Amino acid sequence: VQLQASGGGLVQAGGSLRLSCAISGGTFSRYVMGWFRQAPGKEREFVVAYGWSDGSILSADSVKGRFTISRDNAKNTAYLQMNSLKPEDTAVYYCAARTRKYLSPVVAESYDYWGQGTLVTVSS
């Protein structure tokens with residue numbers, strides 16, 4: 001199973017970006033998707049993910065109301081829509097997939113597969 005993240009780039013504060021995460025080599029509908037990020041000099045942190053029940057979404061407080069996750073099973077792709085971006089959102093963003101739905105969506109160790117990361121830079 002491979003995850004390919006894309007869509008990162010440079011954006012001004014207040015702008016929007018949509019990241020994509022394409023899965024290959026597996027049955028996309030089996031996976032529960034999430035997004036994490038890692039800023040320079042900091043540890044990887046949870047951003048947003050699908051929760052335990054179908055359709056439920058969990059978000060970090062820092063992005064709540066600005067970021068959301070979605071998926072298109074027909075395209076084997078998950079998305080991270082980021083609005084009202086702030087300079088502190090600058091980070092490498094990683095998509096992740098987990099098969100064990102009962103595990104915590106906000107913990108990186110719950111995820112079985114990871115994308116390579118895509119850099120998002122927000123200028124002030």
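Determine if segment 21-31 includes at least one residue that is assigned to a strand (DSSP E or B), within 23 Å of V122 (Cβ to Cβ) and modelled with pLDDT of 95 or more. Outline the logic, then answer.
From segment 21-31, those assigned to a strand (DSSP E or B) are 21-24; that's our starting set.
Then drop every residue that is not within 23 Å of V122 (Cβ to Cβ), which leaves 21.
Checking which are modelled with pLDDT of 95 or more leaves us with 21.
The answer is yes, given that some residue of segment 21-31 is assigned to a strand (DSSP E or B), within 23 Å of V122 (Cβ to Cβ) and modelled with pLDDT of 95 or more.
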Residues that are open to solvent by 30 Å² or more (accessible area, probe 1.4 Å), touching a residue at least 24 places away in the same chain (Cβ under 8 Å) and small (G, A, S), drawn from segment 37-63:
S62
The residue that is nearest to L58 (Cα to Cα), considering only those in segment 80-102 that are open to solvent by 30 Å² or more (accessible area, probe 1.4 Å) and not in a loop (DSSP other than H, G, I, E, B), is Q81
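The values are calculated or read from the model by the stated rules, or taken from the named source; none is laboratory data. As the structure is a computational prediction, the values presented were derived from the model and not from experiment. Glycine also receives a Cβ, built like all others from the backbone with ideal geometry; neighbour counts cover every protein chain displayed. Ligands, DNA and RNA are excluded from the accessible area calculation, which covers all protein heavy atoms including side chains. Shrake-Rupley method; radii C 1.70, N 1.55, O 1.52, S 1.80 Å.
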